[in-house]
Amino acid sequence: MAEETDAARQRVLAARADLATELDRLEASARAAVDIPARVRRNPAKAAAIVGGAGFVALGGPKRLFKRAKAAIVGPEPDMPERLLPEDIEKVLRKLGNDGERVRGTIERDFADYVEAARKKRGPALQSVLTGALARPLLTRGAKAAAEWFTRADEAGFQAQLERIRTRSSTGEPAPGVPDPEPTDR
C-alpha cells in the first residue's frame, strides 16, 4: 500500500512540475505576444508598413486611388453646368420678375430632393459596389495579417521571456504586478 501511495505522490509531484513548466511557457508566450515595443525594435520596417497601411485605409486612400486611376483612364469628370434648368424654363422664370430667384431656388431644391430619392431607389452606384467588392477581400486579408503579426509570439521574444520567468521562478520573486501574499496568523 505504501508503494502505491509513494507512486501516486511522485505522479502528483511530476504533474505539478509539468504544470509549472507549462504555466511558465504560457506566461512567456503571452508576454512575448504583447511586447509590441520589442517587436517594433526587432522589425521596424514591417511595423511601419503595417501602421502606414492602416493609416492609408483609415484616411480613405483606396477610394482616392480608385478615383485617380479612373480619371487617368477615362479622363476627368466634366464640371456641372452653372444652371441645371432647360432654356424654356429659364424664359418662364425670367418673366416672373423679382420673385424668379426664389422660385428657381424652390424648383432646384425640389429637383435635388427628387434626384436624392431616385438615387436611394436605384441603390448604390456601380463604382461603390465594384470598389467594395474589390477592396473588401484585400483589406480583410491585410487586417488579419497585421493582427496575426502583432499577436504572434516570435521565437526570440518567447525565449527571452521564458528565460526571465525561469530566473524569477528560481529566485522565488513574485511576478511583476502581483503583490506578495500577506502572511496569515493562524
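Multiplying the residue separation of ARG168 and THR5 by 0.36 nm and subtracting their alpha-carbon distance yields 55.4 nm. For the pair GLU116 and ARG42, the difference between a 0.36 nm per residue extended length and the Cα-Cα distance amounts to 21.4 nm. For THR21 and ALA135, the difference between the fully extended length at 0.36 nm per residue and the C-alpha to C-alpha distance is 36.5 nm.
Each reported figure results from applying straightforward, stated rules to the coordinates on display, with no laboratory input. Remember, predicted model here, so these are calculated numbers, not experimental data.
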